[in-house]
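Structure first, then comments.
The values are calculated or read from the model by the stated rules, or taken from the named source; none is laboratory data. The model shown is predicted, which means the values in this text are computed figures rather than measured ones. We place every Cβ from the backbone using ideal geometry, glycine too, and count neighbours over all the protein chains shown.
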Amino acid sequence: MKIAIVTDDGKTISAHFGRAQYYSVVTVEDGRVVAQELREKHAHGAHHEHGHNAGGEIHLHEGGNPEAADAHNRMTAPIRDCQVVLSRGMGNGAHMALREAGLQPIITDVREVDEAVRQYVAGELVDHPERLH
């Protein structure tokens, strides 16, 4: 299993999915972290949260902005091999785009990447959908 965590420094979870610079991608096998890497999040300058392009088909969210749909596609492309995405906050459009890409978005109040991964693996990480905006 691979978990993507939005971050600016590889150690703390970003408070906003759309503004984070990187994904810390953690590979978990048999309940243990076996690999961790930092990936660029904003491929081709994407940085807004309103839509998603899946398989060439544009899905429009929050106002029907096709440019935002392309931005979401670029933001999810680097983590298509992951199953879960952790953030401390995100917009409704990004949340929907992640789900449409087959990813499970979790909004946490845990600040540290390592602690959030530990809690997720232990089945203790709490999702806070009320933090969607």
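Which ones in region 78-88 are surrounded by 15 or more Cβ atoms within 10 Å (Cβ to Cβ) and either part of a helix (DSSP H, G or I) or at pLDDT below 95 (or both)?
So in region 78-88, the residues surrounded by 15 or more Cβ atoms within 10 Å (Cβ to Cβ) come out as 78-79, 82, 84-88.
PRO78, ILE79, listed by residue number.
The rows are residues; the columns are (1) in a loop (DSSP other than H, G, I, E, B); (2) free of Cβ contacts under 8 Å to residues at least 12 places away in the same chain; (3) under 14 Å from the mean Cα position of the chain (by Cα).
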residue: HIS95; (1), (2), (3): no, no, yes
residue: ILE106; (1), (2), (3): no, no, yes
residue: VAL110; (1), (2), (3): yes, no, no
residue: GLU115; (1), (2), (3): no, yes, no
residue: TYR120; (1), (2), (3): no, no, no
residue: LEU125; (1), (2), (3): yes, no, no
message = Looking at ALA94 and the list (1) out of contact with any helix residue (DSSP H, G or I) (no Cβ under 8 Å at 6 or more places or on another chain); (2) over 24 Å from GLY31 (Cβ atoms), which single condition is not satisfied?
response = (1)
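What is the residue count in region 14-42 for residues that are of a type in the set (D, E, K, R) and either under 17 Å from ILE106 (Cβ atoms) or touching a strand residue (DSSP E or B) at 6+ places or on another chain (Cβ under 8 Å) (or both)?
To start, the set of residues in region 14-42 that are of a type in the set (D, E, K, R) comprises 19, 29-30, 32, 37, 39-41.
In the following step, the residues that additionally are either under 17 Å from ILE106 (Cβ atoms) or touching a strand residue (DSSP E or B) at 6+ places or on another chain (Cβ under 8 Å) (or both) were identified as 37, 39-41.
Count: 4.
Looking only at region 30-77, count every residue that is outside any helix (DSSP H, G or I) and at pLDDT 50 or above and tell me the total. Write out each step before concluding.
Of region 30-77, the ones outside any helix (DSSP H, G or I) are 30-42, 46-65.
Still in the running and at pLDDT 50 or above: 30-42, 63-65.
Count: 16.
Among the residues in region 17-29, are any assigned to a loop (DSSP other than H, G, I, E, B), among the acidic types (Asp, Glu) and at pLDDT 95 or above?
Taking region 17-29 first, the residues assigned to a loop (DSSP other than H, G, I, E, B) are 20-21.
Narrowing further to those that are among the acidic types (Asp, Glu): none.
No, region 17-29 contains no residue that is assigned to a loop (DSSP other than H, G, I, E, B), among the acidic types (Asp, Glu) and at pLDDT 95 or above.
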